[in-house]
Structure formats: C-alpha cells, structure tokens
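Participant: Let me give you the structure first, and then I'll get to my questions.
The values are calculated or read from the model by the stated rules, or taken from the named source; none is laboratory data. Remember, predicted model here, so these are calculated numbers, not experimental data. Because the Cβ atoms are built from the backbone with ideal geometry, glycine has one as well, and the counts that use them run over all protein chains shown. These accessible areas exclude ligands, DNA and RNA; they are computed on the full protein's heavy atoms, side chains included. Shrake-Rupley method; radii C 1.70, N 1.55, O 1.52, S 1.80 Å.
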Amino acid sequence: MAIPGKCIIISAPSGAGKTTIVRSLLKQGLRLAFSVGATSRAKRGYEVDGQDYFFISPEEFRQRIDLDAFIEWEEVYPGQFYGTLRSEIDRIWSNGNSAI
C-alpha cells in the first residue's frame with residue numbers, strides 16, 4: 001500500500017510504457033493520485049488542460065519559476081518548459097494520497 005505524503009516518480013524514455021505502468025498502479029486501489037504536470041508547449045488537439053497537463057505560456061512559466069512554484073522544472077527545448085507544480089503535490093497530499 002502506498003504511504004500518503006510520498007511522491008513516486010516513473011521515469012523512462014518516450015514510448016517505454018510509463019503511462020501503462022501508472023494507469024495500472026492507479027487501478028490497484030492504492031492511495032495514489034496522478035500528478036498533472038505543467039508545460040509551456042502548445043496543447044495537442046486531443047489533450048485536455050488540467051487533465052493531461054496544465055498548459056501555460058512560456059512567460060507565465062518563467063514567472064512561476066521566479067515565484068518558486070515548481071518542485072522541479074526543465075527547459076526541454078528552447079521556450080518549452082515542463083515541470084511539477086508545488087500546488088499539485090500539495091493538493092494530492094492534502095487528500096491523504098501519494099503523488100505518482
């Protein structure tokens with residue numbers, strides 16, 4: 001059973017099956033909740049803001065970096081940032097879950 005207040009990180013190259021693993025774990029009835037990441041890249045047609053990512057502008061992303069709003073972030077391509085918002089982890093932990 002997952003311990004509330006923890007953060008579980010699944011890391012692998014694109015196409016390695018991270019989403020499959022996460023979906024399987026979320027179905028196990030553990031105290032896990034999916035942490036929605038933030039990005040400054042453009043939303044793809046099938047993606048839902050707040051479900052797949054929080055889509056924010058590069059300018060807003062930089063402002064949030066300056067405000068220490070991320071627990072981690074990276075500029076993967078010029079002007080395209082990805083990161084994990086503190087508020088998202090806090091939301092999950094406040095519900096007694098561990099973030100994945």
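Participant: If you go through the range 8-30 one residue at a time, do you hit one that is in contact with a strand residue (DSSP E or B) (Cβ under 8 Å, 6 or more places away or on another chain) and open to solvent by less than 50 Å² (accessible area, probe 1.4 Å)?
Facilitator: No, that holds for no residue.
Participant: Please go through the range 54-80 and pick out each residue that is surrounded by 10 or more Cβ atoms within 10 Å (Cβ to Cβ) and either among the aliphatic types (A, V, I, L, M) or in contact (Cβ under 8 Å) with a residue 40 or more places away in the chain (or both).
Facilitator: ILE56, ILE65, ALA69, ILE71, VAL76, GLN80
Participant: So GLN51 clears everything in (1) assigned to a helix (DSSP H, G or I); (2) open to solvent by 40 Å² or more (accessible area, probe 1.4 Å) except one condition, right? Which one?
Facilitator: Here GLN51 meets the rest and fails (1).
Participant: Looking at the range 22-48, which of its residues are in a loop (DSSP other than H, G, I, E, B), without any contact (Cβ under 8 Å) to a residue 12 or more places away in the chain and either closer than 20 Å to SER87 by Cβ or within 17 Å of the chain's Cα centre (by Cα) (or both)?
Facilitator: ARG44, GLU47, VAL48
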